[in-house]
Amino acid sequence: MIDAEERAQQLAAEHPESAELLRFAAGLLKAQAQVRAERLERVAVAARPVLRFCEREGPPELAADAREALRRGFDARVVRYWETGELDYLARAALAPFARGMRERGESLQRGVHGACVYCGGGAWIGSRRIPPGPGTGEGALRMLHCALCGLSWQLQRIKCPGCGEEDPHKLPNFTAPQHPIARIEACDTCKGYVKSIDLTQDMRPVPEIDDLLSVSMDLWAVEQGYERLEPGIAGV
């Protein structure tokens, strides 16, 4: 199966209109692969490849933020994100390899955040819909969520807001766009949050957090309608 970095490079060649975002995602993933830290207090130092990449290749605001983090130090921001979950794009990018490593090693994670992810409490930055495994399932597509921090995927019931738990189908509209047939905005009129979902029922090649970048225009539309993404994607949108 193609990995996320390879998928980003492939899509960048196929979709020139989204190539800049996709190349940034590929570079970020490559930088994250260089991060080696098995203790929280080592993350800020170990994540310097991520900061240097964002300083060099990120959009102006992110580049300036990374430059400041390199100059003034990054430890406090890493710890604050870990303890509170308050959105900090650079801290999340720095901590993701650490959190994923802990999960893959089966280590117990101590974090004072209780978000959607059942392992680390992180936010779901993307969803997907896929055919259940095994013969004779016939129950429709599984609805999956994918954690932005530790990379865990888990199933959520089809009619439920992952943000506030709303289950009234009349308050949970879905929005699609003809030019992006595999993407869907799954919104909630109670909390005004949304998650984007990628359809894998016909084709398992898409990597949800990467293919998400092909339909950023849908995110911009959703924001114009008064919704807010529950957890920004890899591009910070």
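The values are calculated or read from the model by the stated rules, or taken from the named source; none is laboratory data. As the structure is a prediction and not an experimental result, all values here were calculated from the model. Here the Cβ is made from the backbone with ideal geometry for all residues, glycine too, and neighbour counts use every protein chain on show. Side chains included, ligands, DNA and RNA excluded: accessible areas come from the protein's heavy atoms. Shrake-Rupley method; radii C 1.70, N 1.55, O 1.52, S 1.80 Å.
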Pairs, first within 21 Å of S108 (Cβ to Cβ) in the range 35-56, second of a type in the set (D, E, K, R) and in a helix (DSSP H, G or I), C-beta under 8 Å, six or more apart: E41/D75
Qualifying position, being under 18 Å from A187 (Cα atoms), touching a residue at least 12 places away in the same chain (Cβ under 8 Å), open to solvent by less than 30 Å² (accessible area, probe 1.4 Å) and not in a helix (DSSP H, G or I), among I159, I126: I126
Residue list for the range 102-111, filter: open to solvent by 60 Å² or more (accessible area, probe 1.4 Å) and either out of contact with any Cys (no Cβ under 6 Å at 6 or more places or on another chain) or closer than 24 Å to G193 by Cβ (or both): E104, R105, G106, E107, S108, Q110
Some residue of the range 178-191 being over 25 Å from Q10 (Cβ atoms), open to solvent by 20 Å² or more (accessible area, probe 1.4 Å) and of a type in the set (A, V, I, L, M, F, W, C): yes
Enumeration of residues in the range 75-99 that are open to solvent by 50 Å² or more (accessible area, probe 1.4 Å) and within 14 Å of the chain's Cα centre (by Cα): L87
